[in-house]
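Participant: Structure incoming, see below.
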Amino acid sequence: MSVANCSHRPALLRVLLLILLIAQNLLRSQVTPAPVQICHSFHCFGEMCYQEAKFSNQMAECKPGEHHCELIQLNASHHMARCSHSCEGGNETDPSPCLLANDSAPGPGPCSLQCCSGRPLCLVLSEVASGLGHLTIPEVKLVPAPPALKRNQAVQGVLCEGDSRQSRLLGLIRYRLEHGGQEHALFLYTHRRMAITGDDVSLDQIVPVSRDFTLEEVSPGGELYVLGSDVTVQLDTAELNLIFHLPFGSHTRMFLQEVARACPGFDPATPDPEFQWLSRYRCTQQEPPLPCWNSASGIRIGGGGSHFDDLRPNGKGLLVDQSSRGQDKPENLLTRQTKSKSEITDMVRSSTITVSDKAHILTMQKFGLRDTIVKSRLVQKEEDYTYIQNFRFFVGTYNVNGQSPKECLQPWLSHGIQAPDVYCVGFQELDLSKEAFFFHDTPKEEEWFKAVSESLHPDAKYAKVKLIRLVGIMLLLYVKEEHAAHISEVGAETVGTGIMGRMGNKGGVAIRFQFHNTSICVVNSHLAAHTEEYERRNQDYKDICSRMQFCQVDPSLPPLTISKHDVILWLGDLNYRIEELDVEKVKKLIEEKDFQTLYAYDQLKTQVAAKAVFEGFTEGELTFQPTYKYDTGSDEWDTSEKCRAPAWCDRILWKGKNITQLSYQSHMALKTSDHKPVSSVFDIGVRVVKEELYRKTLEEIVRSLDKMENANIPSVSLSKREFHFQNVKYMQLRVESFTIHNGQVPCQFEFINKPDEESYCKQWLNANPSKGFLLPDAAMDIELQVFVNKTTATKLSSGEDKIEDILVLHLDRGKDYFLSVSGNYLPSCFGTPIHTLCYMRDPVSDLSLETVRELTLMPLGIEDDGSHLEKPMKIPKELWIMVDYLYRNAVQQEDLFQQPGLRLEFEHIRDCLDTGMIDTLTTSNHSVAEALLLFLESLPEPVICYSAYHNCLECSGNYTASKQVISTLPTFHKNVFHYLMEFLQELLKNSAKNHLDENILASIFGSLLLRNPAGHQKLEMVEKKKAQEFIHQFLCNSP
């Protein structure tokens, strides 16, 4: 199991530990001793102290009016003592610390404890030869007592500010006043991802719970469903308005109830809270100022507890996530409060820790290694503290052919099965409209989401975890309500593999999450169509695998890929067909239910056997007839003119351990689409944490790390330090690798920036991974990747940049290693300015590097003044070659400029253009069309120059003014624009065959010919539509 992809801290356990750290973080001001009171006696035996034998290390049962003490052992040398004035029911007493008054000789015997009101102490166990000891009290260890922080008064959430998502800890703090009343404040903390010490938690903001304070559950954006796996709450005061997402579950509900009870009441006779006690927590100069305390007399009470138990949306018992489309981003950690090491070491754990939390206390202040060490060792010891428990997963896929839901989905989602624990439901071709394709908006997302939500199993209540959509590819994840608290680290990403490798008509979406202690990734993909395009489908699969990356909460960790998960569920319209059989033969085998014979001709089976795709994945036996293609509304095979052969396009595969497939079937009852939906039910063994064993394992790891000698300096050896990349070509990935071998000390490594540079490497270079962690004697392979694209090609061709760089590999607490990268770039027509290409009458590969550099640096708009040897061409010859090829071969090609080509064919086209060997240009029409688009995209100055961009947007809709703007372009750019418009108009004359129209072409070419001059940023939606409208005018009017 990968270190990078596993979390071994159950959500509740983590929150409880962080509660302790919040309390510890409050111990930061100076106090003076107070009078003492006599308490019960303790007995010391070596490292353990007991009140009485039967009350070892726990609270004694108390009687009203008595004073009781408790001693908590933190480790072999640190203890914490506390006592209570009286019982308030169970263990929820008001704690005060205890002093040890007896300083008698070592050995077993009673030690009288005294209470020091409000003053906790750290009691040190002295080492003696006999191994026994006694408790002493160094007075320098006096630290302030924090206000009371009870269990369920802290929760971990996400602060939402615009598009920003930052993790915060919310702690409700109670302060008892001398006159017997109490006041509350909400303390907001930033924190490291794996907070271990109090210094890992930093106070960010304090919000007094005054009369104008409210914390209410809200429904953002007017969404239809108001509850879900995340609870959205709004915090309001006179000065603040904050939105938080809190995790779904009983812990959050109890926290909100505690906050509601803490709000001041309506009684006007009750004095307004003054919050004088908060003055001690005002920030130092290095920290941002705290907000002004407000005790305005506005009378409103905060918004109570959660309504999970009361609401039943639409009677379906469905709880819905408020932020399905939002992506949580790694938090920007604020500067921590500075403390000297000795000061931190002497801090005391919270005196309000409940007995059940003692095992969570970690005294690790002098532990300086990164959190990753703990996590890595937890991964290694995972079997020591987890067990396997089976959960029922439903996985379904349905290509709906752009239709709206017209029938109940229960026959697919819930009939004949027991209620699943988890639902993974995927759709393809949700919306086939041009608006969905180009603008990504569709009302059908809500329609199908509602249809699924209403058809989930009626015997259970479900919470929606996440919804993710890319054009028509949508994936929904639901879990039973009782499992929601065990879902964590949810992430969702998309990868478009359509034309130019990014359009979303084809591609994949994925949701990854942690279920208990098992990482799971669910992928829904729609791969390239048509029987003969199996290589394109293979490429789509590989692109999704390589480009689908999930950012981790800890920004120091590299992104997660699909393969870095314990369980992978892959569903979708994979579009693999049945080959080598005619339509009638296929239908005959289906009629005979001879699926085994038919399966032998299945493309996916063939490609998996050849290890071209889905290596390591498993698919169940196909015992159902092909799911494509039917006449819509019936069970009849395709009777259209094309008469498509039936095929198993819709598939479900899996990868991982402890997975048992219980069913794999299609659902013929649904007739909305030309596909039939498919489902599979699995029992998946998930690793569940035994909390006691987890705590023990964690403590053992911490103790072993505490014994490490910090003086040890990490050291590694590198298998290679010099790398040469010869003859690098445009958009051709080149990779060299080396291995880091670690020594005897755990180390964290990272490639770091050189002085005055913004990145650790140049734009055409990348190290994968660029940072990481190594245990002793471990090794890791690092790839150095060189990839020249539109951003970097021009400077490499002009000589302004070279394939040369120095990488600095830095070891935390260790030395730096230097790696040398060198090579040479072969200039290409891709990434070369239009006017430069017009002066290159010979292929670029036939020109000297000096000539290429001179022509590339030639200013835009220059006219031939006789100083050049040859007269320039009106348009680049490379552009003419591609357009001429398409004019001769593809004017009637269906889906031209909408279906992508093959990567290997693009490389062949590039080489033909750069060498002038156009006679060898034999490739698919789609690959040439995509190469043309990539050529236009790679131009450093677009066809319509940046200087004319805003004028074009302003006059879109005014054809006369638009023509005037084009007339002002430099000659070569103006020629290219008119040439392209004439070619596109020729394509429109054949629209009956190629199915192109003005809107499609304007949408595709608008963003290529008109580009935002502000750093090549993506066009905003309004600008994008204006750019398309500008191009649309020239397609609809004669020159």
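Participant: Given R₀ = 25 Å, what would the calculated FRET efficiency be for M668 paired with K642, taking r from the Cβ atoms and rounding to 0.05?
Facilitator: Plugging the Cβ-Cβ distance into 1/(1 + (r/R0)^6) gives 0.65.
Participant: Okay, moving on. Which trypsin sites (Lys or Arg not before Pro) from the range 511-620 combine a DSSP loop assignment with at most 12 other Cβ atoms within 10 Å?
Facilitator: Those satisfying the criteria are K593, K611.
Participant: So if each residue of separation counts as 0.36 nm, and I subtract the Cα-Cα distance between F624 and K802, what length gain in nm does that give?
Facilitator: My answer for the length gained is 58.3 nm.
Participant: Okay, next question. Looking at the square roots a ≥ b ≥ c of the eigenvalues of the Cα gyration tensor of the range 382-495, which shape do they give, rounded for a/c under 1.5, prolate if a/b is larger than b/c, or oblate?
Facilitator: It is oblate, given that a/c is not under 1.5 and a/b is not larger than b/c.
Participant: Mind giving me the FRET efficiency for Q234 and V1022? R0 is 25 Å, r the Cβ-Cβ distance, nearest 0.05 is fine.
Facilitator: Rounded to the nearest 0.05, the efficiency is 0.25.
Participant: Here's another thing I want to ask about it. Starting from the range 741-809, pick out the trypsin sites (Lys or Arg not before Pro) whose DSSP state is loop and whose Cβ has at most 14 other Cβ atoms within 10 Å.
Facilitator: Here the sparse-neighbourhood loop sites are K802.
Participant: Given the pairs K771/K815; K375/K771; K375/K720, which span a C-alpha to C-alpha distance of over 22 angstrom in this model?
Facilitator: K375/K720
Participant: Please work out whether the range 716-825 counts as rounded, prolate or oblate from its C-alpha gyration tensor, where a ≥ b ≥ c are the square roots of the eigenvalues and a/c under 1.5 means rounded, while otherwise a/b larger than b/c means prolate and anything else oblate? The partial results should precede the final answer.
Facilitator: Working: a/c = 2.65, a/b = 1.96, b/c = 1.35.
Prolate is the answer for the range 716-825, as a/c is 1.5 or above and a/b outweighs b/c.
Participant: Let me check something: with ligands and nucleic acids excluded, how do S770, S845 order by accessible area (1.4 Å probe), largest to smallest?
Facilitator: S845, S770
Participant: Separate question: Rank these residues by their accessible area, most exposed first, probe 1.4 Å: E493, E692. Walk me through the intermediate numbers first.
Facilitator: Details: E493 60, E692 105 Å².
My answer, sorted largest first, is E692, E493.
Participant: Within the range 716-825, what whole-number % of the accessible surface is contributed by carbon and sulfur, with the 1.4 Å probe and all protein chains included in the calculation?
Facilitator: 44 percent
Participant: Next question, about the same structure. Could you pull the accessible area for V702 with a 1.4 Å probe, rounded to 10 Å²?
Facilitator: Roughly 10 Å² of V702 is accessible to a 1.4 Å probe.
Participant: Hey, if we sort Y387, Y979, Y817 by accessible area with the 1.4 Å probe, largest down, what's the order? Before the final figure, lay out each step's value.
Facilitator: Working: Y387 90, Y979 55, Y817 5 Å².
Solvent-accessible surface, decreasing: Y387, Y979, Y817.
Participant: May I pose another question? Which of K629/K655; K593/K676; K802/K974; K963/K993; K444/K593 have a Cα-Cα distance over 26 Å?
Facilitator: In this structure, K629/K655; K802/K974; K963/K993; K444/K593 lie more than 26 Å apart at Cα.
Participant: Provide the solvent-accessible area of W654, counting protein heavy atoms only and rolling a 1.4 Å probe, rounded to the nearest 10 Å².
Facilitator: Rounded to the nearest 10, the figure is 30 Å².
Participant: Sorted by packing (mean other beta-carbon atoms within 10 Å per residue), highest first, where do 947-956, 829-838 land?
Facilitator: Ranked from most to least packed, the peptides come out as 829-838, 947-956.
Participant: Across 5 Å bins from 0, what is the distribution of all Cα-Cα pair distances for the range 942-1038, in whole percents?
Facilitator: 2, 14, 26, 27, 18, 9, 3, 1
Participant: Still on this structure: Using 0.36 nm per residue, how much length does the chain from D594 to R888 gain when fully extended, once their Cα-Cα distance is taken away? Can you show the working numbers first?
Facilitator: Values: separation 294, 0.36 × 294 = 105.84 nm, distance 4.48 nm.
Going from the current span to full extension adds 101.4 nm.
Participant: Further question: If the chain between R176 and D631 were fully stretched, how many nm would it gain, using 0.36 nm times the residue separation less the Cα-Cα distance?
Facilitator: 156.4 nm
Participant: State log₁₀ I(q)/I(0) for the range 640-761 at q = 0.21 Å⁻¹ as given by the Debye formula over alpha-carbon point scatterers of equal weight, solvent excluded.
Facilitator: Debye curve over Cα of the range 640-761, log10 I(q)/I(0) at q = 0.21 Å⁻¹: -1.28.
Participant: To the nearest 0.05, what FRET efficiency results for N712 and Q549 with a Förster distance of 60 Å applied to their C-beta separation?
Facilitator: E(calc), rounded to 0.05, equals 0.95.
Participant: Considering only protein heavy atoms, what is the solvent-accessible area of I918 at a probe of 1.4 Å, reported in Å² to the nearest 10?
Facilitator: 70 Å²
The values are calculated or read from the model by the stated rules, or taken from the named source; none is laboratory data. The structure displayed is predicted, hence computed values, not measured ones. Every residue, glycine among them, receives a Cβ derived from its backbone with ideal geometry; neighbour counts consider all protein chains shown. Side chains are part of the model used for accessible areas, which takes the heavy atoms of the whole protein and leaves out ligands, DNA and RNA. Shrake-Rupley method; radii C 1.70, N 1.55, O 1.52, S 1.80 Å.
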